[in-house]
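These notes concern the structure reproduced below.
Bear in mind that the values in this text are calculations on the coordinates, not laboratory data. Treat the numbers as computed from the prediction; the structure is a model and nothing was measured. Here the Cβ positions follow ideal geometry from the backbone for every residue, glycine too, while neighbour counts run over all protein chains shown.
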Amino acid sequence: MGILENRFPNNILFTTADSVINWGRKSALWPETFGIACCAIEMISTGCARYDLDRLGIIFRPSPRQSDVMVIAGTVTKKFASVVKLLYDQMPEPRWVISMGTCAISGGVYNTYAVVQGSELIVPVDVHVPGCPPRPDALIHGFLKLQEKIKNNKVLRKSY
Ligand code: SF4
């Protein structure tokens with residue numbers, strides 16, 4: 001540390017507001033503690049000690065009002081679709097959605113009148129994580145993809 005201090009005396013760091021804002025947003029993703037079907041078990045496992053999402057700044061929150069990520073983990077039935085939409089609406093902006101598993105992405109094997117054939121029909125989806133169910137490392141990859149997307153987001157409009 002001492003070597004670094006001597007190497008760059010009185011240094012100034014230049015960056016952009018977009019970079020700082022996006023860095024803050026991507027480094028502290030707080031998903032809702034919310035699961036629908038079997039994929040939720042993999043999501044829970046991802047948050048537990050073996051995979052430890054906390055080390056990436058991803059910490060599950062007990063309320064949609066404290067969350068900025070919704071992981072749709074499981075089969076969305078038409079009866080339950082209004083609950084998913086309500087929870088999404090209760091999340092403050094900016095917010096993101098990960099569609100986890102083939103059921104959430106496209107209805108999966110449940111091509112029936114009772115199942116929503118893709119959660120994009122209810123809420124805007126940012127990242128799809130395929131699999132039945134996707135393993136925890138696949139969900140972690142999904143979170144990393146979401147972080148990449150947030151990092152490249154244009155927060156402030158150019159005025160020139
Ligand atoms: S994708 Fe597979 S594991 Fe996930 S909710 Fe559907 S049936 Fe269950």
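Details
- Nonlocal amide H pairs with Val69, under 5 Å, H built at 1.01 Å: Trp30, Glu32, Trp96
- Candidates Ile72, Ser119, Ile41 compared by Cα position along the dipole of the chain: farthest toward the positive end lies Ser119, with charges placed on Cβ.
- Residue of Leu139, Leu53, Leu13 that the Gaussian network model of the chain assigns the largest fluctuation, springs spanning Cα pairs under 10 Å: Leu13
- Of the Cα atoms belonging to the chain, the radius of gyration and Dmax stand at 18.5, 69 Å.
- Separation in nanometres of the label points that stand 7 Å from Cα toward Cβ, at Ile44 and Arg7: 4.8
- At R0 = 22 Å, FRET efficiency that the Cβ-Cβ distance of Thr15 and Lys149 yields, to 0.05: 0.65
- Computed from Cα atoms, the angle from the helix 136-151 axis to the main principal axis of the chain rounds to 50 degrees.
- Cα-based Lys pair tally, the chain, threshold under 22 Å, eight or more apart or on separate chains: 7
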